[in-house]
Amino acid sequence: MNAQAVTAQAAADTHRGCAIEKVELFLFHQDIENVAFDVNPGGIDMPGAKGQRTRFGVVVTTRDGHRGEYFGGRWDIWLHARFLAKWILGMDAFGREQIYEVARRYLRKEDRIGACAIDNALWDLAGKAAGASVTKLLGGDAGRRLPAYASTWFAGDGGGLSTPEAFADFAEECYGIGYRGFKMHGWTDGGTERDSAAIRLLGARVGGRMALMHDSACHLRTFGDAVTVGRACDEAGFFWYEDPYSDGGLSAHAHRRLREMIRTPILLGEHVRGVEAMANIVAADGTDFVRADPDLDIGITGTMKIAHMAEAFGLDVELHGNGPAHRHCMAAIRNTNFYELAMVGPSRGSTVGSIHACDYSDKLDAVHADGCFGVPDGPGLGVTYDWEFIRANLIEHIVVQ
C-alpha cells in the first residue's frame, strides 16, 4: 500500500471512529418553588408557589466512545431532536458544519430549534476529545468575566413584582448584590400605564447606576402602545427596548418606523430564527441590537454565525437566556455587553433548579461581587450533571442508534 493509500485509509478509520453511533434523549421532571406558571405562561414571581417543570437533555456517543452532553433549552422540541437524530447517525461528530446543514434542511419547517441541544452536545464532545474548553475551541478568552444583568419575571398581581415600586425595590436589591444591569418584563395585559410607570420609577431610582432594559416580550398590542412605552424608556434613559409589541419582532418596517420615533435602541431577534432571517432584519434597519441564543438558533454553531453577522454590520449581539453554552459563546464574542441572568425575582424562584453535580450556578445570588459570572474552564462545556437525580425523575429515555 502506497503512502497516499495509507493516509486515505487512516482518514477513513478516523472517520469511522468519530462517527455518531447513538443519540440519547432524556425527559425528566423537576420541582420548582416561588414561581407561578398557571397565572402567566411566562411565569411570575410568587412567594410560596410550588410547581413542576419538564427538562430535556441530549447525549451523543461516537463509535470510539467519545461522549457529549447537553441539558437545557425548551423541552417541547424533543420530537424535532429525535427526528434529526436519525439523520445524523454515522456522520462525523466533529463535522458540525455538515450537521448544521442537515439540520437547516431537515428541520426547516420547525425553525430548526430541535437541532440546538444536539449541536451543543457536539461542541461538548469536541472539547472533551481535545481536552479543551468550548471557549478555547471558539478562540475566546477562557478567563473573561461576564458582566450580568438581572432579568425579571413578568409582573403579576399578587406576586412579588406586582407594582412599579416592587420593580424599583428589587432593582435596588440587585444592585446591592453586585448587578450593574437590570431588565424588567412588564404586565402582560396589553396595557401601557403600569409598564410606563415602572420604567420611569426605575430610571429615577437606579438610572445612572445600572444599565436598564425593558422587554415587552411582544405583549403590547399595537404600534401605538409600543411608541408610548418607548417614550417612557427615552425619559428614563434605558439601554434598550426589547420586542416591543405583538408582531413578534418580525416586522422590519414597523421597527424601523419605531426607531425613527424614539431614542432608546431597539433589540430584536428572540423570535427570529437563524442567521439569514436575522440578517434580513438588520439589513432592513429594523433593530439596533441583535439577539442570539444557543438554545434557539441551531446551537453554538448558529449563535456564532449570528454574532459574526452582527459584527460585520458593526452591531452588538446580546445572548438571550443563560447557561454554560451561553457563557462559552459570550467569552468568544467581542461585540457583546451583558450576560442575561433570567428569570429572577425577590422570592428567589427559578425557571429550573440546578441539575449540576459541580459548582456551576445561575442562581440570582451566585453573581460575584464584581457583578460578573465566570466561564466554566473544564473540557467541553466544563460542567457535570447529576445523573442520579435525572434518572430518578425520568419521564422518558429515547435511544436513536
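The values are calculated or read from the model by the stated rules, or taken from the named source; none is laboratory data. Please read these numbers as outputs of a predicted model, since none were measured by experiment. Neighbour counts run over all protein chains shown; Cβ positions are idealised from the backbone, glycine included. When the accessible area is computed, the model is the full protein with side chains, heavy atoms only, and any ligands, DNA or RNA have been set aside. Shrake-Rupley method; radii C 1.70, N 1.55, O 1.52, S 1.80 Å.
Tabulated results
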read-out	value
Sequence-separation-based contact order of the chain, relative, with Cα cut under 8 Å and 6+ spacing, percent	21 percent
List PHE154, PHE94, ordered by accessible area with a 1.4 Å probe, largest first	PHE94, PHE154
Phi-based couplings in Hz for the stretch 264-269 (Karplus 6.51, -1.76, 1.60; Gly and Pro marked x)	5, x, 9, 10, 10, x
Computed [θ] at 222 nm, helices only, for the chain once each DSSP H run of length n ≥ 4 contributes -39500 (n - 2.57)	-11000 deg cm²/dmol
With all protein chains modelled, accessible area of GLU21 [1.4 Å, Å²]	90 Å²
Solvent exposure ordering (accessible area, 1.4 Å, most first) of SER133, SER347, SER354	SER354, SER347, SER133
Accessible area per residue in Å² at 1.4 Å probe, computed on the chain	39 Å²
Nearest-0.05 FRET efficiency for GLU193 and ASP76, computed from C-beta distance (R0 35 Å)	0.55
Pairs of lysine residues in the chain - Cα separation under 19 Å, sequence separation of 8 or more or cross-chain	7
Per-residue SASA entry for LEU250, accessible area with 1.4 Å probe, Å² rounded to 10	110 Å²
Cut-off 9 Å between beta-carbons: net charge of the residues surrounding LEU268, Lys and Arg +1, Asp and Glu -1	-3
The stretch 132-277: relative contact order in percent, alpha carbon pairs under 8 Å with at least 6 residues between	18 percent
Rounded to the nearest 10 Å², the accessible area of TRP123 at probe 1.4 Å	30 Å²
Largest to smallest accessible area among ASP285, ASP124 [probe 1.4 Å]	ASP285, ASP124
Accessible surface of the chain, 1.4 Å probe, proportion on carbon and sulfur as whole %	49 percent
For the stretch 96-171: rounded, prolate or oblate by the Cα gyration tensor [a/c cutoff 1.5]	oblate
